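Read through the structure below, which is laid out as structure tokens, and then see the notes.
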Amino acid sequence: MMRVNRKTIATTMAMLIFVVLYISSATLFASGNVDSEDTKTQNKVLELESLLEEDPQNTKLCMELAIIYHGKAADGEKQAIEKAEPLFKKILDAEPNNAEVRAWYGSLLTIKGREDWFPPAKLFYVIQGIQQMDRAVELSPDSTSVRLVRAHTSVALPYAFGRNNVAIKDFEYLLTLDESKPGQFDANTLAGIYLDLGKAYSQGGDKDKARENWQKAMDIAPGSKEAVEANSLLGN
């Protein structure tokens, strides 16, 4: 009788779950308020591309442009992945311990996994992205930017990846930091934290905490896109 390899079965099941859940997954964490159709953003891209042609080794310019491309990729612009990835890699080649760049690169890889058509490749890129983000937090556990990227990306991933508790841990850490040192984040950033923290609690089955955090998102930044989404999630 042929022996069944349990590890193979587990891997296959995980892949099937991934394919079912992630092919139509919601948009992943976008960088700030970047709008891929916004004229101002497009002009900024052209400006940065021009500056990089003159100074291709300028890591600050590379990072700024890569983050904008990340936002476009998160919004579904597939070509932006191909533009952002080499920029992040260029910086990491020069600065392998740059935690913020590694976090953004990891987030981009999860988007690359979302957009790839081949199931094993989709799974591979997402796992690689998760590992990159976790490594970034290991390198700089107190970095608010690193925690924000990992948290928002984690809550956007399908629940089957087991990143829900990671997102909650990161968001709670950031809120504790803001309580101890007020002014760490602007109103929209805080609203975004409460919004996605609510999503994380909702995915985990804690509807009361979810609603509590969505209400806080509305109270902190009324009229913002975060507040509008929170209001919708509350069913108002």
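FYI, it's all coordinate maths here, none of it is from the lab. The model shown is predicted, which means the values in this text are computed figures rather than measured ones. Reconstructed Cβ throughout: ideal geometry from the backbone, glycine too, with neighbour counts over all protein chains shown.
Annotation: the residues TYR173, TYR105, sorted from fewest to most other C-beta atoms within 10 Å of their own C-beta, follow the order TYR173, TYR105. Given their separation in residues at 0.36 nm each and the Cα-Cα distance between them, ALA121 and THR39 gain 26.2 nm when the chain is fully extended. Each of ALA84, ASN43, PHE124 was placed along the dipole of the range 35-141 (beta-carbon charges, centred on the mean Cα), and the one lying farthest toward the positive end is PHE124. Taking the alpha-carbon centroid of each part, what is the distance from the range 39-102 to the range 135-165 in angstrom? The distance from the Cα centre of the range 39-102 to that of the range 135-165 comes to 20 Å. Each Cα pair under 8 Å and six or more residues apart adds its sequence gap; the mean of these over the residue count of the range 162-236 is a relative contact order of 28 percent. Relative to the Cα centre, the charge distribution of the range 162-236, modelled as +1 at Lys and Arg Cβ and -1 at Asp and Glu Cβ, gives a dipole magnitude of about 180 debye.
Compactness of the range 162-236, taken as the C-alpha radius of gyration over 2.2 N^0.38 Å, stands at 1.03. A simple charge model with +1 on the Cβ of Lys and Arg, -1 on the Cβ of Asp and Glu and nothing else charged puts the dipole of the range 35-141 at about 380 debye relative to its Cα centre. Averaging the sequence gap over all C-alpha pairs within less than 8 Å and six or more residues apart, then dividing by the number of residues, gives the range 64-180 a relative contact order of 19 percent.
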